[in-house]
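Report on the structure given below.
The values are calculated or read from the model by the stated rules, or taken from the named source; none is laboratory data. Nothing here was measured: the structure is a model prediction, and the numbers come from that model. Cβ placement follows ideal geometry from the backbone for every residue including glycine, while neighbour counts extend to all protein chains displayed. Ligands, DNA and RNA are excluded from the accessible area calculation, which covers all protein heavy atoms including side chains. Shrake-Rupley method; radii C 1.70, N 1.55, O 1.52, S 1.80 Å.
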Amino acid sequence: MPSLGLGTWTMWKGEEGHVQKAVETAIDVGYRHLDCAYCYQNENEVGAAIATKIKDGTVKRQDIFVTTKLWCTFLAAKNVKNGLQTSLQNLGLEYVDLYLIHWPMSYQAGSELFPKSEEGELLLTNDSFIDSWRVMEECVDAGLVKSIGVSNFNVDQIKRVCDACRIKPASLQVEVNPLMTNKPLIDFCHSQNIAVTAYAPFGSPSRFWKKDDEPCLLEQQTLKAVAQNKKKSTAQVVLRYLLQRKLAVVPKSTTPTRIQENFQVFDFALSPDEMESIDKMNINLRVYKEDVACDHPEYPFKDELQQSQ
């Protein structure tokens, strides 16, 4: 798995073709890792971009590492293969390189990403992600996916998958940045030879639910000082920090200059002192809580939620 990829979440909010253009730009720049998901609702444009760059000779299919994810409405074991086939059809691909369980919670199956009752309550189900995992193992056997993993799982949940599995999780994708270092979880995964991919590396500064008293990661003085010393942007410093923690990272952007800038992080290194100073920024600020599903028995951040109440 290439250590630096392009994230595609939120891109679907743009005009039609916006995602395709961004992915084509990224491939031209040199990105060979694309992070997708069914729930992003833009797999078709990602697939169109891949097809375009294969057709024009820029890449071959085997050059591109494609990750996508099983959404909560497909988590019931009987629906897993349908979820995968839907993504493959959207992407126009015969296989994906990595298929992740997006969240450990399950929602009522159907066309709505967040199915709700007449009263507006999210319709949760109690399907086992262990049963789902066993079907994902069958998808590996069938050649539909090269490897499988999980996203937004806690240590206990990962242990349960490992204890029950025939094919061990290859990867965990989870929120990681200097304000949310997630060190215990990452240390556990590395001890189990499970690769970790960091999403939201910049703390999603444009998120509409950001509270006024929450800090903006890229404006922090610690990062500004390191960036000035390295003659790099604060975003580049963050990406380099995560890479030096032996993480893969998937920053998202649709702006060509930022897509290129985010890729230019292999020509410098942070010193041990600089790494330590950035480590100390951690305040366990989780941005993506998915607390709409906090009542689900498999909600992964219950301990954090209870501490905040």
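Which of the three applies to the range 63-104, rounded, prolate or oblate, going by the alpha-carbon gyration tensor with a ≥ b ≥ c and a/c under 1.5 meaning rounded?
Numbers: a/c = 2.69, a/b = 1.58, b/c = 1.70.
It comes out oblate by the Cα gyration axes.
If you take the Cα Rg of the range 1-70 and divide it by 2.2 N^0.38 Å, with N the number of residues, what do you get? Mind dumping the intermediate values first?
Numbers: Rg = 11.0 Å, N = 70, 2.2 N^0.38 = 11.1 Å.
Compactness ratio reported: 1.00.
Among the lysines, which fall within straight-line cross-link reach of residue 231, defined as a Cα-Cα distance under 30 Å, with same-chain neighbours fewer than 8 residues apart omitted?
21, 183, 210, 246, 252, 280
Okay, helix-only estimate at 222 nm for the chain: each DSSP H run of n ≥ 4 adds -39500 (n - 2.57), divide by all residues, round to 500 deg cm²/dmol; what do you get? Before the final figure, lay out the partial values.
Working: 11 runs with 113 residues, N = 309.
Rounded to the nearest 500, the figure is -11000 deg cm²/dmol.
Given charges of +1 on the Cβ of Lys and Arg and -1 on the Cβ of Asp and Glu, with all other atoms neutral, how large is the dipole of the range 1-126 about its Cα centre, in debye to the nearest 20?
Taking the Cα centre of the range 1-126 as origin, the dipole is about 400 debye.
Assuming R0 = 45 Å, what is the FRET efficiency of residue 228 and residue 164, from their Cβ-Cβ distance, to the nearest 0.05?
Values: r = 49 Å, r/R0 = 1.10.
The computed FRET efficiency comes out at 0.35.
Given 10 Å bins starting at zero, what is the percent of C-alpha pairs of the chain in each, up to the one with the largest pair distance?
6, 27, 36, 25, 7, 0
Output ³J(HN,Hα) for the range 119-131: one whole-Hz value per residue in order, computed from phi by the Karplus curve 6.51 cos²θ - 1.76 cosθ + 1.60 with θ = phi - 60°, and x for Gly and Pro.
Rounded to whole hertz, the list is 8, x, 8, 4, 8, 8, 10, 10, 7, 7, 6, 5, 5.
Add +1 for every Lys or Arg and -1 for every Asp or Glu among the other residues with Cβ under 14 Å from the Cβ of residue 298, and state the total. Before the final figure, lay out each step's value.
On the way: positive: 159, 160, 302; negative: 127, 131, 156, 290, 291, 295, 303.
So the environment of residue 298 carries a net charge of -4.
Might you tell me the accessible area per residue for the chain, computed with a 1.4 Å probe and given in Å²?
47 Å²
Accessible area of the chain with a 1.4 Å probe: how many percent of it is carbon plus sulfur? Please report the intermediate quantities before stating the final value.
Details: 6660 of 14380 Å².
Of the solvent-accessible surface of the chain, carbon and sulfur hold 46 percent.
What ranking, highest mean first, results for peptides 210-222, 121-133 when packing means the other Cβ atoms within 10 Å averaged over each residue? Each step should come with its number before you reach the end.
Values: 210-222: 12.5, 121-133: 17.0.
My ranking of the peptides, most packed first, is 121-133, 210-222.
Would you mind working out the magnitude of the charge dipole of the range 247-309 relative to its Cα centre, with +1 at each Lys and Arg C-beta and -1 at each Asp and Glu C-beta, to the nearest 20 Debye?
Working: 6 positive and 12 negative charges, 50 e Å.
So the dipole magnitude of the range 247-309 works out to roughly 240 debye.
What's the FRET efficiency of residue 302 with residue 56 using the Cβ-Cβ distance as r and R₀ = 41 Å, to the nearest 0.05? Provide the component values of the computation, followed by the final result.
Details: r = 49 Å, r/R0 = 1.18.
The formula returns an efficiency of 0.25 here.
Quickly work out the residue 188-to-residue 142 label distance, labels modelled 7 Å from Cα along the C-beta direction, and quote it in nm with one decimal.
Simple spin-label model gives 3.1 nm for this pair.
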